[in-house]
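Heads up, the thing below is written out as structure tokens.
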Amino acid sequence: ADAADNFRRVAGERFASGARSCVLDVSNVTLADSAALESLLWLSEETARHGGALRLVSPQPAVREALRLTRLSDRFECAESVEGAARSLR
């Protein structure tokens, strides 16, 4: 819960400073529990609310499976690299 709160606080600060879109490198994330999925949904909604988009970079198989099982995989666009994700937002 503390990590999720910190994640939202930091992301909120970025949006407050003018960010619209977000590239989130999740290549080292090996597990996505309900708090992580809720945070991703929140971030997706916030980027949309600010007129931007969210890109996930290189989700591990377990993260992809969690998104698939919860029927959330269609809500997130993924890229193989940070650079590719950034290019897709232009």
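The values are calculated or read from the model by the stated rules, or taken from the named source; none is laboratory data. This structure is a prediction, so every number in the text was calculated from the model and none was measured. SASA here: full protein model, heavy atoms, side chains in, ligands and nucleic acids out. Shrake-Rupley method; radii C 1.70, N 1.55, O 1.52, S 1.80 Å.
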Check: Which percent of the accessible heavy-atom area of the chain goes to carbon and sulfur, probe 1.4 angstrom?
Finding: 49
Checklist line | Under the Karplus curve 6.51 cos²θ - 1.76 cosθ + 1.60, θ = phi - 60°, whole-Hz ³J(HN,Hα) for the stretch 48-54, x wherever Gly or Pro sits | finding: 5, 4, 8, x, x, 8, 10
Note to self: Taking 0.36 nm per residue of sequence separation and subtracting the Cα-Cα distance, how much length would be gained by fully extending the chain between Glu65 and Arg14, in nm to one decimal?
What the structure shows: 15.5 nm
Check: Could you list, bin by bin from short to long, the percent of Cα-Cα pairs of the chain in 10 Å steps?
Finding: 17, 52, 30, 1
Notebook entry, point to check: So who's got an amide H within less than 5 Å of the one on Cys22, skipping anything under 5 residues away but keeping other chains? H placed 1.01 Å off N, in plane.
Noted result: Ala53, Leu54, Arg55
Margin query: Quick check: the distance between the Cα centres of the stretch 1-50 and the stretch 76-90, to the nearest angstrom?
Written below: 16
Margin query: Given the DSSP H assignment, sum -39500 (n - 2.57) over each helix run of at least 4 residues in the chain and divide by its residue total; what's the result at 222 nm in deg cm²/dmol, nearest 500?
Written below: -16000 deg cm²/dmol
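Taking only the C-alpha atoms, wrap a convex hull around the stretch 1-42 and report its volume per residue in Å³ as a whole number.
73
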Margin query: If amide hydrogens are placed 1.01 Å from N in the peptide plane, which non-local residues have theirs closer than 5 Å to the one on Ala79?
Written below: Leu56, Val57, Ser58
Check: With every protein chain present, what is the per residue accessible area of the chain (1.4 Å probe, Å²)?
Finding: 64
